[in-house]
Every structure is written in structure tokens, then in C-alpha cells.
1. If we scan segment 119-136, do we find a residue that is farther than 23 Å from Ser42 by Cβ and touching a residue at least 60 places away in the same chain (Cβ under 8 Å)?
2. Restricting attention to segment 162-180, which residues are touching a helix residue (DSSP H, G or I) at 6+ places or on another chain (Cβ under 8 Å) and in a helix (DSSP H, G or I)?
3. I'd like to check which strands (runs of 3 or more DSSP E) are fully inside segment 1-86 and have at least 1 residues that are open to solvent by 50 Å² or more (accessible area, probe 1.4 Å) and hydrophobic (A, V, I, L, M, F, W, C).
4. Under 7 Å between Cβ atoms, which residue pairs at least 6 apart in sequence (or on different chains) link something in segment 43-68 that is under 21 Å from Asp149 (Cβ atoms) with a partner that is in a loop (DSSP other than H, G, I, E, B) and of a type in the set (Phe, Trp, Tyr)?
5. List pairs: first residue in segment 96-113 and open to solvent by less than 10 Å² (accessible area, probe 1.4 Å), second residue of a type in the set (Lys, Arg) anywhere in the structure, Cβ distance under 6 angstrom, at least six positions apart or on different chains.
6. Only one of Glu124, Glu145 is outside any strand (DSSP E or B), among the acidic types (Asp, Glu), within 30 Å of Pro167 (Cβ to Cβ) and within 16 Å of the chain's Cα centre (by Cα). Can you tell me which?
7. Six or more apart or on different chains, Cβ under 7 Å: which pairs go from a residue in segment 160-184 that's aromatic (Phe, Trp, Tyr) to one that's open to solvent by less than 50 Å² (accessible area, probe 1.4 Å)? Could you list them?
8. Got a number for residues in segment 148-159 being without any contact (Cβ under 8 Å) to a residue 60 or more places away in the chain and not in a helix (DSSP H, G or I)?
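The values are calculated or read from the model by the stated rules, or taken from the named source; none is laboratory data. Not measured: the values here are computed from a predicted model. Cβ atoms come from the backbone with ideal geometry, glycine included; neighbour counts cover every protein chain shown. These accessible areas exclude ligands, DNA and RNA; they are computed on the full protein's heavy atoms, side chains included. Shrake-Rupley method; radii C 1.70, N 1.55, O 1.52, S 1.80 Å.
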Amino acid sequence: MSSDVKIHPAVDNGIKPASPSFSGGRLKCKCAQNKVEVEITSQTAHNHVCGCTKCWKPAGALFSQVAVVPRDHVKVVANGDKLQVVDPSATIQRYACKECGVHMFGRIENKAHPFYGLDFVHTELSDQEGWAAPEFAAFVSSIIESGADPANMGAVRARLKELGLEPYDALSPPLMDAIATHIAKASGKLAA
């Protein structure tokens, strides 16, 4: 039964709707004390569950849950000295707590990248309610690379659909269109 498939603790019991007046909150790492805190001063966008092998996932989750927010709305407000970049060679510089390993935010430094100016955040690290609801599932097949049983992928996709999260093996069509538009403008195929 697909409802037995556990996707992520933040969606397994249904998806909570966003609050129209929500304007941000604080993300906190999982340390027992001296938590890293990151303040987000706006609502997030393009929230989704992600199956890639780079995103931080809570223990036992097949997917991460990640959204984007303008980078000027992200500020480390406590214990920033505990942060380090997980993989300096990665496109997204994921800042994680050195003690508990939780990824607090990811940042793209390449100004030519289509998502430059957006930071990637895990809203389940916040106590506040009202964050943008997940809208889709990205890089679904990639959970196999993390050890998921390929024979169970039909049940995983069925569960994602039950939750209202359309499964993609890349990003959602609007995000893929945004990437293609950025590339076409940069190459001169489309007027800037």
C-alpha cells in the first residue's frame, strides 16, 4: 500500500497549507544547546521534496524538503561559527552545522547560474507554522542512488501523487523553463 511509504516527516501525515500573511521565521539546527539559528525574513517559494543525494534529509526520510528564498532574506543570527560548507566544489554551497550535521541553508555563488540570488532552506527546521507548502517532488529516481529499492519506485510515486506532489525526475516544468530561459538569454537566442 503506497500510504505505508514514508516520504518525509513534514508531509507523511498530509501537507499543511501556507499562511497568506506569513513573513518568515527562524530555522534551528538539531543541537541540544548552542543551536545555529538562521532568520528568514520572507515567505519561501518552490517548496518541494527532493530525492537528490546532496540535500540534507532527516533520519529515515527518503526525500529532503527544500524551498528557496531571496538570499538577502537569509541571515545567520546565532552560532554561525558552527557552520561549514559541506562540499566546496558543489554548485550549491550547503552550510551545515559542524556538530549535528544539519544543513541550514544553501547558497549559489556563481552569478551566471539561473538560481543565483536564491538560497535553499529546509523549513521543517522552524517552529513557526505557515511556510509555503510543498508543491512537487524533484529528482525522484535519485533516491535509488541513496539506497532505495528500485522495485518500490511505483509505490513511492503513487504516494507522492496521493500527497499532491507531482513526481519529476528533474525540477518542476516552471523551474525547468526558468533555467532554459536564462540559458537562452545568456546565449543570445532570446532577447534579454
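1. No, segment 119-136 has no match at all.
2. Matches in segment 162-180: Glu162 only.
3. Result: 74-78.
4. Val49/Phe63; Cys50/Phe63; Cys50/Phe139; Gly51/Phe63; Gly51/Phe139; Cys52/Phe139; Lys57/Phe63; Ser64/Trp56
5. Filtered contacts from segment 96-113: Cys97/Lys82; Val102/Lys30; Gly106/Arg94.
6. One residue alone meets the criteria, Glu124.
7. Filtered contacts from segment 160-184: Tyr168/Phe136; Tyr168/Ala137; Tyr168/Ala138; Tyr168/Val140.
8. 1
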